[in-house]
Amino acid sequence: MNFNLSQIPDRKSKPRQSGITMVMDKGLSLEEARNFLSVAGPHVDIVKLGFGTSFVTPNLREKLEFYRSHEMPIYFGGTLFEAFLIRNQFEDYINMCRDYGVSWMEVSDGSITIPHAEKCGYIEKLTKHGIVLSEVGSKDAAHIIPPYKWIELMKAELSAGSSYVIAEAREAGNVGIYRGSGEVREGLVQEILTQIPAEKIIWEAPQKAQQLYFIELIGCNVNLGNIAPSEVIPLEAMRIGLRGDTFMLYLDKKENAG
């Protein structure tokens, strides 16, 4: 950090298994990616090329090589996995990831219906090729999954080999673990946490109020995803009590900060 300040909570250092910030790159140019990492790089753990943007991104290989040169894990959005799957191109997906040197993969079923045993089978197969993240929850706001089912799905996907389960929210943060207004479905979240370790969940939280909720609930080392590149520094400040929303959170209780 740039200067000494007492009563700052202990943030895990990179490479870290929890306290992860996953950023969604929705089409940054190579120059924008350089600018982004020049400022936010120390606070970013994973970069996702959102939904199917990698299919239409110019200079994709160059961009991936740039992220790799900064030892930044990167993966293609789960929607792209689903696009391959619905076209019966699962093996092509594996070959494409290998061709582009992408060893992190997301398995999701937010846009299409996949029998869950089959989804877990894809997770198991992909763990032979790299690190798998799997997303739970639907992008359809009308499809409400009860808490016990979220827990059941998450447990099965972790058992199948997922390194993390991602709690679906979309890029706008208005489905899955959130209501249409963006408000957190608190009962759902708290019930999930009775059965699934917090360090194994990445909560998609694109909105500031959502990020604040999880920091207050779980602590500064909560895993948060779908963060906009421009929001990484503000989020890091909020994680450690240097934003108005969390200003009083750690004062005089540093020993309990997490």
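The values are calculated or read from the model by the stated rules, or taken from the named source; none is laboratory data. Predicted model, so just to flag it, every value in this text is computed and none were measured. Positions of Cβ are generated from backbone atoms using ideal geometry, with glycine treated the same way; all protein chains shown enter the neighbour counts.
Structure above, values below:
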item: Of residues in segment 115-124 being in a helix (DSSP H, G or I) and without any contact (Cβ under 8 Å) to a residue 12 or more places away in the chain, the one surrounded by the fewest Cβ atoms within 10 Å (Cβ to Cβ); result: 117
item: Residue in segment 128-142 that is more than 19 Å from residue 202 (Cα to Cα) and part of a helix (DSSP H, G or I) present; result: no
item: Which listed residue, of 110, 41, is farther than 30 Å from residue 149 by Cα and either of a type in the set (Gly, Ala, Ser) or surrounded by fewer than 13 Cβ atoms within 10 Å (Cβ to Cβ) (or both); result: 41
item: Per-region count, segment 170-205, residues in contact (Cβ under 8 Å) with a residue 60 or more places away in the chain and touching a helix residue (DSSP H, G or I) at 6+ places or on another chain (Cβ under 7 Å); result: 1
item: Count of residues meeting criterion [of a type outside the set (D, E, K, R), free of Cβ contacts under 8 Å to residues at least 40 places away in the same chain and out of contact with any Phe, Trp or Tyr (no Cβ under 9 Å at 6 or more places or on another chain)] in segment 214-237; result: 4
item: Within segment 67-94, considering residues that are more than 21 Å from residue 34 (Cα to Cα) and among the small types (Gly, Ala, Ser), the one surrounded by the fewest Cβ atoms within 10 Å (Cβ to Cβ); result: 83
item: Scan of segment 66-91 for residues that are of a type outside the set (Gly, Ala, Ser), under 19 Å from residue 15 (Cα atoms) and in a helix (DSSP H, G or I), ordered by number; result: 66, 67, 68
item: Unique match (being assigned to a helix (DSSP H, G or I) and buried (at least 19 other Cβ atoms within 10 Å of the Cβ)) among 63, 48; result: 63
item: Tally of residues being under 19 Å from the mean Cα position of the chain (by Cα) and closer than 24 Å to residue 74 by Cβ across segment 123-153; result: 12
item: Segment 201-216, residues that are surrounded by fewer than 17 Cβ atoms within 10 Å (Cβ to Cβ) and either within 12 Å of the chain's Cα centre (by Cα) or of a type in the set (D, E, K, R) (or both); result: 208, 216
item: Qualifying residue in segment 155-169 (condition: over 20 Å from residue 23 (Cβ atoms), in contact (Cβ under 8 Å) with a residue 12 or more places away in the chain and basic (Lys, Arg)); result: yes
item: Verdict on residue 177 being among the aliphatic types (A, V, I, L, M) and surrounded by 22 or more Cβ atoms within 10 Å (Cβ to Cβ); result: yes
item: Tally, over segment 233-252, of residues that are surrounded by fewer than 19 Cβ atoms within 10 Å (Cβ to Cβ) and within 19 Å of the chain's Cα centre (by Cα); result: 3
item: Per-region count, segment 2-35, residues surrounded by 19 or more Cβ atoms within 10 Å (Cβ to Cβ), out of contact with any His (no Cβ under 8 Å at 6 or more places or on another chain) and not aliphatic (A, V, I, L, M); result: 4
item: Any hit, segment 103-114, residues being of a type in the set (Val, Ile, Thr), touching a Lys or Arg at 6+ places or on another chain (Cβ under 9 Å), in a helix (DSSP H, G or I) and at pLDDT 95 or above; result: no
item: Number of positions in segment 29-45 that are outside any helix (DSSP H, G or I), under 27 Å from residue 214 (Cα atoms) and of a type outside the set (Asp, Glu); result: 1
